[in-house]
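**Q** To start, I am sharing the structure in question, which I have written as structure tokens.
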Amino acid sequence: MRPDLPKYKTSDEVDFVIVGSGAAGGIMAKELSTNGFRVVVLEQGPYLTEADFVHDEVKVIGEDLLTNKPKLQPTSFRKTPNEKAKPQRAIVYGRCVGGTSVHFTANFWRFHEIDFVERSKVGPVPGADLRDWPITYADLEPYYTKVEWEIGVSGLAGASPFDPPRSKPYPMPPLPVKSSGVIFERAARKLGWHPFPAPMAILSQPRPGRSACINCGFCLAFGCEVGAKSSSLATAIRMAEKTGRCEIRPNSYVHRIEMDENGRVTGAVYFDEKRNTHLQKAKAVVVCANGAETPRLLLLSANKQFPNGLANSSGVVGKYLMFNSGGVTNAVFEHPLNDYKGFAVSRLLHDFYELDPQKVGFYGGGGIDARFDATPIAFAMGGLPPGTPGWGKDFKNALAHNFNRTMELFCHGTSLAVETNSFSLDPDLKDAWGLPALCLTYKDHPDDLKLWAWQNQRANELLDAAGAQKKWSQPIRESQLGFHLLGTCRMGSDPKTSVINSDHRTHDVKNLFLCDGSSLVTSGRGQPTMTIEALAFRAADRITALAKRGEIA
Amino acid sequence: MINDLSRRNFLTRACGAVSALWLSAHWPAIVAAAEHAHQAAKSSAPPKFQFFTPEQATEIEAITARIIPSDETPGAHEAGVVYFIDRALTTFALDDQKTHREGLPVLQARVRELFPNLEKFSSATPEQQDQILHSLDEQADPARRHSRSNGVSSSFFQAVRIHTIVAFLIDPDSGGNRDGVGWKVIGRDREHMFQPPFGYYDKDYAGWQPNPAAAEKTKA
């Protein structure tokens, strides 16, 4: 039974308004409400639950049931700031209560020590602005552990010799190994590499109100019907609601943060479902709207004091965007893997997490996982080897033979922070509410593409060692579509080059906090959500301490 | 990436999301169509077409039957694909309506051009039908043929091809893919939950053995 949920009036000045209910927003809501604060979460998308989640590829993928809707929210793209951007889909993110954590793959690696101090270690990289974080792995370690235990992460501590130190084992064993994982593990060991069971934010054992994974096979891009995927929806949001102090308000599209003459934010202005405008008053605002919508909201909230965007005295809001580089190599094996059963990834390796730029000739590092994440229609459209006909008997035979025999190696890696890679407001394009649309400017740093090519070679070596009957790498190409939206309001000690400090407080506005992918200083090696959630737990601690000392209100 | 998303690189990073892009660009909303096809499949009375005339439906079905032919295993015909397409065109796929209105006469003209003695596509032999379809397929702008990012299935043949694949492989519980025949063909079980072992390579897995000690930690 659902608890009695509070309904706050918009005129009621709550302690915190949180914008966004995803990986960061959900945890922020849970922590702040648990700590005794009155919280309103404004989420632009609908409040869907397990009963709404189906296996219909058309409804879920084709119609963006869970994701941002290009018709309502158009975007534009250009490679460099001098070009005129063209309207096209530039980003994919979750647009429902729980955000992207509802449909993600749920790979849950921690960042390693190196990710926080890489600038000190490798020095500057030409064409990029590589920086150290103002916090270290050790600062974040307790919060990584908290994520694993509170939301539920499956894994095996100590299985990877490259893992950073941890204070506690995982709360539950890894998910079962898939055929792709066994093939990967055997081949990687032949090559002297160190495969290990993938840490996943998917339950291998049931928890109260949540089933263990039933291996239904509709995982990436789909919502979990049994609550096994540890989304914010299945975890933190429910805990927040149980406190009786947190209201989740869906279908509430925040488009402005208001500020008074004293330089303090007073609340968030949003459209409700009927496009009526409201101001939810609050003592402080925490924006967790993702690495695209958080900078957009600040830019939309420009005022007299901040003509270039709220909390943007540095001018770096929206800049230094990082996507994570990487691509896929596919392979077909002799016998059926039936890899459509289950979650996507069961084995992974981190042997190439930290490459030596002197030896490989570029900056970067990554991880390679074994997976199959294609649902049937997606597979028919894109999963067959190059040269397979697109229709007719040979097409049908290839589908029938390959669907069960195909796996992928997914190479994930670093992206460098480049100033011109950014989200900004498109000068012409408007969304369905008449507000300026997001413009993506992005051109991969050459090292990101070199890393991709380098890892593809490793993937091909592994598949040779595995005895694949056929293998092919997807072509390397510059990014024009973002999934991991990182670095656009980055953390730092210098107000001239960063947007938030290590408490996630904006340098410019005392009672405005930002926490999501935009906070990241470096990209990590491809799986940011675990770190975003650890940051959210930590930020909530910092914000609570500030509030209790009377340093916010 | 978006401008040259071809079938080959469809499974690029975050496949599901890329497919989101691809699919949303190509069929705006086909859910109702799937449901209609499902109802048609369940009903004992012969279903009525809403967009196609019976004659047109015969032609479209003949095309779908070459895209996914019936042989030892079921094809588009057994999956009831034509009903899915009919419903799609009557509910929302307005762009594709035009594509069909313009495409059917083009098909007819092509039949007469290649086989002057033939009245209709549906009365041709399978070999003749393939020849006609290849000509339509090859006639498409090569850039467009392999780049499906422009948001509209401008080519009649490509529109029918894509709808056929979708209708054949969609989750049978959601409509379309009558009796789950498409999934039978590709070997996907219809159960909603599975237990390991899943496949050939994990059935004799001996269990996790630790990696060599961290002392062997190497750097490339």
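**Q** Only one of A:420, A:441, A:375, A:414 is within 12 Å of chain B (Cβ to nearest Cβ) and either aromatic (Phe, Trp, Tyr) or touching a residue at least 40 places away in the same chain (Cβ under 8 Å) (or both). Can you tell me which? Even if it seems obvious, please write down each step before you answer.
**A** On the way: A:420 fails: within 12 Å of chain B (Cβ to nearest Cβ); A:441 fails: within 12 Å of chain B (Cβ to nearest Cβ); A:414 fails: within 12 Å of chain B (Cβ to nearest Cβ).
Of A:420, A:441, A:375, A:414, the one residue that is within 12 Å of chain B (Cβ to nearest Cβ) and either aromatic (Phe, Trp, Tyr) or touching a residue at least 40 places away in the same chain (Cβ under 8 Å) (or both) is A:375.
**Q** Here is a follow-up. Condition test on residue A:267, is it small (Gly, Ala, Ser), assigned to a loop (DSSP other than H, G, I, E, B) and open to solvent by less than 40 Å² (accessible area, probe 1.4 Å)? Reasoning before the result, please.
**A** On the way: small (Gly, Ala, Ser): yes; assigned to a loop (DSSP other than H, G, I, E, B): no; open to solvent by less than 40 Å² (accessible area, probe 1.4 Å): yes.
Taking the combined requirement at face value, the residue does not satisfy it.
**Q** In this structure, is residue A:468 buried (at least 20 other Cβ atoms within 10 Å of the Cβ), assigned to a loop (DSSP other than H, G, I, E, B) and at pLDDT 95 or above?
**A** Numbers: buried (at least 20 other Cβ atoms within 10 Å of the Cβ): yes; assigned to a loop (DSSP other than H, G, I, E, B): yes; at pLDDT 95 or above: yes.
Answer is yes for this residue.
**Q** Could you run through region A:192-209 and say how many residues are surrounded by fewer than 20 Cβ atoms within 10 Å (Cβ to Cβ) and outside any loop (DSSP other than H, G, I, E, B)? Don't jump to the end; show me each part of the working.
**A** Restricting attention to region A:192-209, the residues satisfying the condition of being surrounded by fewer than 20 Cβ atoms within 10 Å (Cβ to Cβ) are A:192, A:205-209.
In the following step, the residues that additionally are outside any loop (DSSP other than H, G, I, E, B) were identified as A:207.
Residues that pass the stated criteria total 1.
**Q** Follow-up question, since we're still on this one. Can you name every residue in region A:33-68 that is more than 10 Å from chain B (Cβ to nearest Cβ), open to solvent by 30 Å² or more (accessible area, probe 1.4 Å) and not β-branched (Val, Ile, Thr)? Don't jump to the end; show me each part of the working.
**A** Start the filter on region A:33-68 by keeping residues that are more than 10 Å from chain B (Cβ to nearest Cβ), which leaves A:33-53.
With open to solvent by 30 Å² or more (accessible area, probe 1.4 Å) added as a condition, the list becomes A:34-36, A:38, A:44, A:46-47, A:49-52.
Those that are more than 10 Å from chain B (Cβ to nearest Cβ), open to solvent by 30 Å² or more (accessible area, probe 1.4 Å) and not β-branched (Val, Ile, Thr): A:35, A:36, A:38, A:44, A:46, A:47, A:50, A:51, A:52.
**Q** Scan A:237, A:248 and give me the residue that is more than 14 Å from chain B (Cβ to nearest Cβ), outside any strand (DSSP E or B) and under 23 Å from the mean Cα position of the chain (by Cα).
**A** The match here is A:237.
**Q** Just the residues that are buried (at least 21 other Cβ atoms within 10 Å of the Cβ), under 18 Å from residue A:153 (Cβ atoms) and touching a residue at least 40 places away in the same chain (Cβ under 8 Å), please, taken from region A:212-228.
**A** A:213, A:215, A:219, A:220, A:224, A:227
**Q** Among the candidates A:127, A:99, single out the residue that is within 27 Å of residue A:316 (Cα to Cα), crowded, with 16+ Cβ neighbours inside 10 Å, out of contact with any Cys (no Cβ under 8 Å at 6 or more places or on another chain) and of a type in the set (Gly, Ala, Ser).
**A** Values: A:127 fails: crowded, with 16+ Cβ neighbours inside 10 Å.
The unique qualifying residue is A:99.
**Q** Could you check region B:182-200 and list, in sequence order, the residues that are surrounded by 21 or more Cβ atoms within 10 Å (Cβ to Cβ), more than 11 Å from the chain's Cα centre (by Cα) and in contact (Cβ under 8 Å) with a residue 24 or more places away in the chain?
**A** Selection gives B:185 alone.
**Q** Of all residues in region A:437-449 being assigned to a helix (DSSP H, G or I) and touching a strand residue (DSSP E or B) at 6+ places or on another chain (Cβ under 9 Å), which is surrounded by the fewest Cβ atoms within 10 Å (Cβ to Cβ)? Break it down into steps so the answer makes sense when it comes.
**A** Here is the first cut: in region A:437-449, the ones assigned to a helix (DSSP H, G or I) are A:446-449.
Narrowing the set further to residues that are touching a strand residue (DSSP E or B) at 6+ places or on another chain (Cβ under 9 Å) leaves A:447-449.
Working: A:447: 24, A:448: 26, A:449: 18.
Only one residue fits best here, namely A:449.
**Q** Against the definition (in contact with a Phe, Trp or Tyr (Cβ under 9 Å, 6 or more places away or on another chain), among the small types (Gly, Ala, Ser), assigned to a loop (DSSP other than H, G, I, E, B) and under 26 Å from residue A:177 (Cβ atoms)), how does residue A:374 come out, yes or no? Full working, then the answer.
**A** Working: in contact with a Phe, Trp or Tyr (Cβ under 9 Å, 6 or more places away or on another chain): yes; among the small types (Gly, Ala, Ser): yes; assigned to a loop (DSSP other than H, G, I, E, B): yes; under 26 Å from residue A:177 (Cβ atoms): yes.
For residue A:374, the condition - in contact with a Phe, Trp or Tyr (Cβ under 9 Å, 6 or more places away or on another chain), among the small types (Gly, Ala, Ser), assigned to a loop (DSSP other than H, G, I, E, B) and under 26 Å from residue A:177 (Cβ atoms) - is met.
**Q** Going by what's in this entry, would residue A:115 be described as away from every other protein chain (no Cβ under 14 Å), assigned to a helix (DSSP H, G or I) and closer than 18 Å to residue A:366 by Cβ? Before you say what the answer is, go through the steps one by one.
**A** On the way: away from every other protein chain (no Cβ under 14 Å): yes; assigned to a helix (DSSP H, G or I): yes; closer than 18 Å to residue A:366 by Cβ: yes.
Judged against the criteria, residue A:115 is a match.
The values are calculated or read from the model by the stated rules, or taken from the named source; none is laboratory data. Predicted model only: the values in this text are computed from it and were never measured. Positions of Cβ are generated from backbone atoms using ideal geometry, with glycine treated the same way; all protein chains shown enter the neighbour counts. Ligands, DNA and RNA are stripped out before the accessible areas are found, and what is left, the full protein with its side chains, is counted by its heavy atoms. Shrake-Rupley method; radii C 1.70, N 1.55, O 1.52, S 1.80 Å.
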